[in-house]
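What follows is calculated from the coordinates using simple rules that are stated; it is not laboratory data. Because the structure is a prediction, the values reported are computed rather than measured. For neighbour counting, all protein chains shown are included, and Cβ atoms are generated from backbone atoms with ideal geometry for every residue, glycine included.
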Amino acid sequence: MAIALKWYPPSWVQIKNRDQTIYLDPSYLIKYFKDHPTAREYSTGPDDMDGLPDDLEKADIILITHHHKDHVKKVTVDRISGPETLILAPEKVKDVLGNQIKVVAPGDELELNQVKITVLPAYNTPEGSSTRKFHKPGDGVGYLLEIEGQRIYHAGDTDFIPEMKELGTVDVAFLPIGGTYTMNVEEAAQATLKIQPSLVVPIHHLEVDPHDLAVELRGEGIKVRILKIGELLMVGE
């Protein structure tokens, strides 16, 4: 069965099959959505983050990679949560969501409603291309999901790390390319070549042109898909 994927800035991904809706890193920043036709503010907040596009379904599962405000915002999580929504996140996300979360750590494996979730490391390395080393080992995570026969990797905020070499088959990889808090385009290309996904989607662009990743990977036999905000991507058809 096909899976529907959507991307919202900076690293927010929606995954849907016939039975459930999964979100990774839902966090609304007005500056990223000011031109989106269905975006509106619910209230005025001090950090320009109190709102989200109107057309989002309630979540069955929410996966959060780390505690930074561009990856998790309580008002956003609350608006897409229902009474049965399960929220998985590393320990430091308790500072934002309290006991709403089930704490996970790298190495954890869960199977929920026929979705297998593997929790993976995500961090900045001393030698990596990120210029601001804000992501320490153990603070954040990435996720590998197996759903409807597809293996989908969301790297979180990270440099190219050795653990990426051990992912096995990956159908879709969501990789950050911003270069400030994460690996840059060139390092993301190196990671892509090591992971060898069928398709890579650049996320966490910040001020970087995501088309630069396609240029870096030209001729390598890996598809690069640049998604617009809320654009539908179908995989596994």
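Values for this structure:
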item	result
Segment 101-124 versus segment 183-220: alpha-carbon centroid distance in Å	24 Å
Relative contact order computed over the chain (Cα-Cα under 8 Å; 6+ residues apart), in percent	18 percent
Prolate/oblate/rounded label for segment 64-162 (Cα gyration tensor, a/c 1.5)	oblate
Proximal charge balance of Ile117 [Cβ under 9 Å; K/R count +1, D/E count -1]	-3
